[in-house]
Amino acid sequence: MKISNLFIITFTIISLSACGQTTPKKTETKTIHKNNKMDTSKLINETVKKAFDAWQSGDSKTFLSFFTADAKLYDDGNLRNFQSFVKEACGHEKFTTIEKVSNNGKDIIGNFHTESWGDFKTYFNFTINDEGKFNRLDIGQAK
């Protein structure tokens, strides 16, 4: 057998074996929520809108600046530590849509995404004191 024929046969075998190789597949998939700009035109209360925008962007410092130092958080009616909640959730949880705004713009219902619990409909209800700061936030799963 000539060297050129041996080269062609070897080259062909190597080429064919390379064609049979596959790229490893990922074993884990994650849901990725693109950071699309949400329509916030339903948010008619300017203070709520600013706090909401801070929450959506994961800016906990700005979000907290709209609240009194002793603000209360109620999660499905249960009192929780407000500061701890914001520290844990802001930047990891957010609304994906706004469905309804009521109570002069202080109550929001929409679809919400969390890394721990997935997607569900939720509410944020803001209570404003006489000085224009929020002193209570009620959150929970909406029906």
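Here, each number is a calculation from the coordinates, and none is a lab measurement. The model shown is predicted, which means the values in this text are computed figures rather than measured ones. Don't worry about glycine lacking a Cβ; one is built from the backbone with ideal geometry, like all the others, and counts go over all protein chains shown.
Quick notes
- Cross-linked pairs 50/143; 106/133; 72/106; 72/100: Cα-Cα separations exceed 20 Å for 50/143; 72/100.
- Treating each Cα of segment 42-141 as one equal point scatterer and applying the Debye formula with no solvent, the log10 of I(q)/I(0) at q = 0.15 Å⁻¹ comes out as -0.53.
- Which of 67, 90, 116, positive extreme of dipole for segment 42-141 (C-beta unit charges): 67
- Size of electric dipole in segment 42-141: Cβ of Lys, Arg +1 and of Asp, Glu -1, about Cα centre, debye, nearest 20: 160
- In terms of other Cβ atoms within 10 Å, 74, 123 run from fewest to most in the order 74, 123.
- Cut-off 18 Å, label 7 Å out along Cα→Cβ of residue 97, residues of segment 104-129 by amide N: 108-114, 118-124
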